[in-house]
């Protein structure tokens with residue numbers, strides 16, 4: 001059973017925030033998330049970190065400005081996930097708006113693998129570009145950059161992933177995580193990095209007198225919807241800088257100024273752009289884009305984001321929506337097979353799960369790993385068969401185990417096991433030989449045992465404590481809605497004990513509830529019952545529960561009422 005604990009927060013910081021006019025509830029919520037001053041909550045564009053602090057951004061801007069002046073052909077090499085797609089689309093839109101001759105290529109994950117591989121370089125060479133520009137990849141592409149140089153092409157790398165032991169010999173690298181970069185935000189997405197390069201390029205062209213007047217100078221703010229989507233979809237930490245990028249992008253989407261593709265993807269999911277939030281970016285638009293890269297070719301997703309024709313964008317979005325439905329069906333079958341396999345073992349007996357099934361789809365193993373990680377609270381690596389006896393693996397981790405570092409340790413202890421690997425703390429990809437699966441499973445389990453303490457294997461749900469009776473209100477829910485919540489800046493969750501007055505299934509898969517505070521729970525609503533909903537669950541609740549919940553607003557027939565969204569429950573003690 002998960003352990004529910006309230007987040008700690010420095011009380012002196014909360015008091016300081018309250019003196020700036022922030023309510024005591026919000027003050028403690030912000031203090032628990034590392035906010036020290038109210039200025040950190042200002043999401044105006046003027047508070048963005050300057051591009052001058054991002055290593056090599058200005059140097060790359062000079063190279064790009066020279067390429068534009070010389071009419072050189074640029075070819076963006078994209079990645080096949082939503083961040084790579086948005087980085088590619090905004091890169092093309094921005095470069096073309098500043099006079100560049102630019103196109104793109106995106107590798108199929110099934111044929112060419114991840115990043116700037118020698119194979120994708122040779123494919124790119126067929127269109128005879130002068131310069132390859134990577135987005136959301138390239139920092140580990142030592143062999144690919146070498147192949148590009150051999151074929152007479154220069155390479156500019158824009159990436160945000162952690163570098164390996166050796167950097168590629170590219171003409172220029174922009175990556176906040178490369179050695180020697182002092183950029184304060186190490187959490188930029190691939191789209192965020194490309195946006196900063198475009199900011200630097202516009203400044204360089206401006207200094208060269210490239211824009212006759214303000215009307216000819218591109219407004220890069222028009223690309224912030226794409227930056228917001230890439231940032232949220234890639235689940236990077238929403239630090240101060242990223243919250244600005246996301247909030248500004250959401251404002252564009254809500255005001256009807258998003259690109260046709262994002263509007264079309266929202267409408268395909270029957271979502272209103274005017275009501276878009278981080279949730280819609282991460283769980284509605286992002287998965288539909290990712291479905292293209294998982295099952296077919298991300299070129300379809302990029303084309304949708306590049307379209308300026310609403311009808312064309314709607315048609316492409318419909319295709320992406322259909323692919324996403326197919327992806328969900330494949331995923332459900334894979335998850336059923338995985339759970340059936342796990343019935344023969346007890347996941348609690350191990351520190352990790354490494355799984356392989358010859359029927360699994362290579363494009364969906366990352367989602368499967370994420371689902372299993374959530375269910376069993378273990379780092380999970382799921383493998384699918386690739387080509388020539390190779391297995392492709394996708395992993396997801398839990399707090400306490402840095403997945404890329406763990407794989408690096410496996411590689412050092414067993415140099416023959418990993419053909420290649422890369423990623424972040426919480427997600428990574430790798431390749432092994434099929435005959436090495438059992439050996440890898442044991443090696444990864446050994447590393448997990450050395451890095452994870454027993455306490456790490458218990459899922460912890462952090463809450464923001466109990467709510468005062470007066471905080472159960474539409475007004476408080478509205479104030480929470482106005483902030484950007486997400487990875488590293490989690491949406492507020494609260495806890496309380498309730499009596500379940502009524503419950504019924506709605507929409508065939510959700511539980512509609514009426515909850516009344518338990519008599520001993522003085523911090524629950526003072527009087528009356530609260531409407532609540534438990535999504536994607538029809539399991540009947542007991543008469544008394546301890547619930548972890550968030551506040552939401554139920555809009556119906558022009559009126560707004562408070563609704564609790566139950567995120568977790570367990571039977572109340574006593």
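Before moving on, here are some points about what is shown:
- Fraction of antiparallel bridges per DSSP, region 463-571 only, in percent to nearest 5: 95 percent
- In degrees, nearest ten, helix 190-207 long axis to first principal axis of the chain (Cα): 50 degrees
- Between region 429-451 and region 272-330, the alpha-carbon centres lie 34 Å apart.
- Using a Förster distance of 22 Å, the FRET efficiency for residue 312-residue 103 (Cβ separation, nearest 0.05): 0.75
- Sequence of 117, 158 once ranked by neighbouring C-beta atoms within 10 Å, starting from the fewest: 117, 158
- Residue order, fewest to most surrounding Cβ atoms within 10 angstrom, among 485, 360: 485, 360
- Distance between the modelled labels on residue 255 and residue 166, one decimal in nanometres: 4.9 nm (7 Å Cα→Cβ projection).
- Using R0 = 30 Å, the C-beta based FRET efficiency linking residue 182 and residue 12 works out to 0.55.
- Between 0 and 90°, nearest 10: helix 365-376 axis offset from the chain longest Cα axis: 30 degrees
- Extension gain for the segment residue 535 to residue 474, taken as residue separation times 0.36 nm less the Cα-Cα distance, is 20.0 nm to one decimal.
- Note on residue 501/residue 553: beta-carbon distance plugged into 1/(1 + (r/R0)^6) with R0 of 30 Å gives a FRET efficiency of 0.90.
- Between residue 19 and residue 211, the simple label model (points 7 Å from Cα in the Cβ direction) yields a spacing of 4.1 nm.
- Over the chain, DSSP H runs of length four or greater, each weighted -39,500 (n - 2.57), average out per residue to a 222 nm ellipticity of -11500 deg cm²/dmol.
- Beta-bridge orientation, region 345-457: approximately 80 percent antiparallel, per DSSP, counting only bridges with both partners inside.
- Each label point was placed 7 Å from the Cα along the Cα-to-Cβ direction; for residue 573 and residue 42 their separation is 4.7 nm.
- Full-stretch length increase - residue 375, residue 544 - with 0.36 nm per residue and alpha-carbon distance subtracted: 58.4 nm
- Residue exposure sequence - 416, 351, 436, 160 - by fewest surrounding Cβ within 10 Å: 416, 436, 351, 160
- When only Cα pairs below 8 angstrom with a gap of at least 6 residues are kept, region 234-312 shows a relative contact order of 32 percent.
- With Cα atoms, 0 to 90° folded angle of helix 437-451 axis to the chain main axis: 60 degrees
- Bridges between two residues of the chain, per DSSP, are antiparallel at a rate of about 65%.
Taken together, the values in this text are just the output of simple stated rules run on the coordinates, not laboratory data. Quantities reported herein were computed from a predicted structural model and do not represent experimental measurements. All Cβ positions, even for glycine, are placed from backbone atoms using ideal geometry, and neighbour counts span all protein chains on display.
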